[in-house]
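Structure record follows, encoded as structure tokens.
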Amino acid sequence: MKYEITDIRLEGTNLHRIRALVDIPRYGVKKGDLGGYIESEYNLSQEGDCWVFGDARVFGDALVFGDAQVFGDARVSGDARVSGNAWVFDDARVSGNAWVFGDAWVFDDARVSGNAWVFGDARVSGNGWETSPLYIRGSKYSLTNCKHGYIKIGCETHTIDEWLANGVEIGKKNGFNDAEIAEYTAYVELFKRVGK
């Protein structure tokens, strides 16, 4: 067991503070340190180095696992998943069926919800999911919706539908490998879903 749920309850909620039962050197957590708030043991894996810090909250059917961190005043709820080396922090909110994984960061007052996936080395901050332009920093190039209905990846600008129809060909022409093509296809699908 890595942590226990304490009797320290967040007023007006079913959330309880966690306490470390072992050291987690990766994040400077010492045995006995208090962490953030969770609703049940389902919300934070007992395996890996994952941790919830400070006033951060994880609740509902949300799950933090792997080596992920949730800290600051961040909230992870619904059926959301945060895994890998991902960080969710500041006043960020991850909810619904959203996944944040890999080395991705969601921070400031960003909102990631619905069926969105944020992964790779992506950084999502501010209110980027709610106002144009949407910007994602991928593993090779950044993506932005430079104007309504268009996405710019590196030096290439095309409509969302053109990217979806021709993305593999465009990617190969620009030296992308199969994993990078899959990564960027997922980003384009995300742009389409959020309606930018």
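The values are calculated or read from the model by the stated rules, or taken from the named source; none is laboratory data. Model, not experiment: these values are computed from the prediction. Here the Cβ is made from the backbone with ideal geometry for all residues, glycine too, and neighbour counts use every protein chain on show.
Kindly indicate whether A182 is hydrophobic (A, V, I, L, M, F, W, C), at pLDDT 80 or above, surrounded by fewer than 17 Cβ atoms within 10 Å (Cβ to Cβ) and closer than 20 Å to N85 by Cβ.
Answer is yes for this residue.
Determine the pairs where a residue that is farther than 14 Å from Y141 by Cα, located within the stretch 168-180, has a partner that is of a type in the set (S, T, N, Q) and assigned to a helix (DSSP H, G or I) with Cβ atoms under 9 Å apart, the partner being 6 or more residues away or on another chain.
The qualifying pairs are V168/T185.
Within the stretch 1-19, work out how many residues are in contact (Cβ under 8 Å) with a residue 12 or more places away in the chain and in contact with a Leu (Cβ under 8 Å, 6 or more places away or on another chain).
10
Could we say that D49 is assigned by TED's automatic domain parsing to the domain that holds R93 and more than 24 Å from the chain's Cα centre (by Cα) here?
no
What are the residue pairs meeting all of these: first residue in the stretch 71-82, first residue closer than 10 Å to R93 by Cβ and touching a residue at least 12 places away in the same chain (Cβ under 8 Å), second residue of a type in the set (F, W, Y) and surrounded by fewer than 22 Cβ atoms within 10 Å (Cβ to Cβ), Cβ atoms under 7 Å, and 6 or more apart or on different chains?
Close Cβ pairs satisfying both conditions: A74/F89; S77/F59.
Restricting the search to the stretch 52-70, which residues are more than 13 Å from the chain's Cα centre (by Cα) and in contact (Cβ under 8 Å) with a residue 40 or more places away in the chain?
Passing the criteria: R57, F59.
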